[in-house]
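Q: Encoded as structure tokens, here's the structure I'll be asking about.
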Amino acid sequence: MYKYHFRPEYGSEKLLIEIFNGLEKKEFLSDFLDAIKILKPKVVDFEDLWINDEILINVNSEMGEFILSKDTWGFVFLTSENNQECLFQINSILEIAENFEKVEIDFEDYKLK
């Protein structure tokens, strides 16, 4: 089971999806793309940011573009610079997907103090 938060970026109004459990599975990317297949996602390219220990996967979908960022610390972040509606749609899909569980958080925890 993959677990995720739909939360704000730190100190921002923009939202992201943070997936934090189950990522050790080799099937994660195919499981994720299968879960959102209704959006017809297509991987555009991969960028290996070795200096940051991070891989960026650029994805196009019927709802627009988003970036899947996977790091070596066991986290995946889904972001979309100019298309928050895409993330809302992905969240709605993951909420009912059998392999994903949404873990609620307090948005106040992500505000800069």
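The numbers here are math on the coordinates, done by the rules we state, and not lab data. Just so you know, these numbers come straight off a predicted model, no measurement behind them. Every residue, glycine among them, receives a Cβ derived from its backbone with ideal geometry; neighbour counts consider all protein chains shown.
Q: According to a simple spin-label model (label point 7 Å from Cα along Cα-to-Cβ), what is the distance in nm between SER12 and LYS113?
A: Calculated label separation equals 2.2 nm.
Q: How high is the relative contact order of the range 2-108, in percent, with contacts defined as C-alpha pairs under 8 Å that are six or more residues apart?
A: 30 percent.
Q: Between ASN99 and ASN21, 0.36 nm times their residue separation minus their Cα-Cα distance comes to what?
A: Fully extending the segment from ASN99 to ASN21 adds 27.0 nm.
Q: How much of the DSSP beta bridge set in the range 2-108 is antiparallel, as a percent to the nearest 5?
A: Counting DSSP beta bridges with both partners in the range 2-108, the antiparallel share is about 90 percent.
Q: Considering only DSSP states other than H, G, I, E and B, which GluC sites (Glu not before Pro) in the range 29-87 qualify as loop sites with at most 10 other Cβ atoms within 10 Å?
A: Hits after loop and neighbour filter: GLU81.
Q: In deg cm²/dmol and to the nearest 500, what is the mean residue ellipticity at 222 nm of the chain if only DSSP H runs of at least 4 residues count, each as -39500 (n - 2.57), divided by the residue total?
A: Result for the chain, helices only: -5500 deg cm²/dmol.
Q: Grab the eigenvalues of the alpha-carbon gyration tensor for the range 56-113, scale each by 5, take roots, and send me the semi-axes largest first in whole angstrom.
A: After diagonalising the Cα gyration tensor, the semi-axes are 19, 16, 14 Å.
Q: Starting from the Cα gyration tensor of the range 1-60, multiply each eigenvalue by 5, take the square root, and state the resulting semi-axes largest first in whole Å.
A: Equivalent-ellipsoid dimensions as semi-axes: 19, 17, 15 Å.
Q: Here are labelled values, (i) 37, 35, 28; (ii) 43, 34, 22; (iii) 60, 28, 22, and one is the computed Cα extents along the principal axes in Å for what I pasted. Which one?
A: For Cα extents along the principal axes in Å, the calculated option is (i).
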